[in-house]
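I have placed the structure first, in the form of structure tokens, so that the comments after it can refer back to it.
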Amino acid sequence: TERKIPLPAGVDLHARPLTLIVALVNHHNTPVQMILVGQPANAASILSLLLLVGAHPGQREVSFRGSKEVLDDIQLLIEYGLGENGQQVLPERLRTLLRL
């Protein structure tokens, strides 16, 4: 499954939110790719994601390829601002999965 997800206003991809994406992917233990401008990266690797985002700064739409369950959780994380408004505002499901 592939899903395009727009970033909410005021939310950018950098180390802290990417770390949450990596943690979700690793929790599910299933292959996931993050895609920017047609270039994929392993979403279980913070280094891969940082290199991808660094090569495409300012992108406002991100695609992910993987299983529906993990993509649902990634989309929910992004919809809640990738934790940038405080991790306490994330839904309980995400806080549990991320062990926050």
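The values are calculated or read from the model by the stated rules, or taken from the named source; none is laboratory data. Everything quoted here is computed from the prediction, not taken from an experiment. We place every Cβ from the backbone using ideal geometry, glycine too, and count neighbours over all the protein chains shown. Calculation scope for accessible area: heavy atoms of the full protein, side chains included, ligands and nucleic acids excluded. Shrake-Rupley method; radii C 1.70, N 1.55, O 1.52, S 1.80 Å.
Using the Kirkwood formula on the Cα atoms of the chain, what hydrodynamic radius do you get, in angstrom to one decimal?
13.2
Tally Lys and Arg at +1 and Asp and Glu at -1 over the other residues with C-beta under 13 Å from the C-beta of P6: what net charge comes out?
Charge balance in the 13 Å sphere: 0.
Per DSSP helix of 4 or more residues, -39500 (n - 2.57); summed, then divided by the residues of the chain. What does that give at 222 nm, rounded to the nearest 500?
The helix contribution divided over the chain gives -12500 deg cm²/dmol.
Under the definition of Cα pairs under 8 Å and six or more residues apart, what whole-number percent is the relative contact order of the chain?
37
How much of the accessible area of segment 49-100, probe 1.4 Å, is carbon plus sulfur, in whole percent?
50
Along the charge dipole of segment 30-100, which of Q88, N42, V62 sits closest to the positive end, that is, farthest toward it, with unit charges on the beta carbon of Lys, Arg, Asp and Glu (+1, +1, -1, -1)?
N42
How far, in nm, would the chain grow between D12 and E79 when pulled straight, counting 0.36 nm per residue and subtracting the alpha carbon separation?
22.9 nm
Per residue, what accessible area does the chain have, given a 1.4 Å probe and all protein chains present, in Å²?
53
Over segment 1-42, with every protein chain in place, what whole percent of the accessible area is carbon and sulfur at 1.4 Å, could you tell me?
Using a 1.4 Å probe with all protein chains present, segment 1-42 comes out at 50 percent carbon and sulfur.
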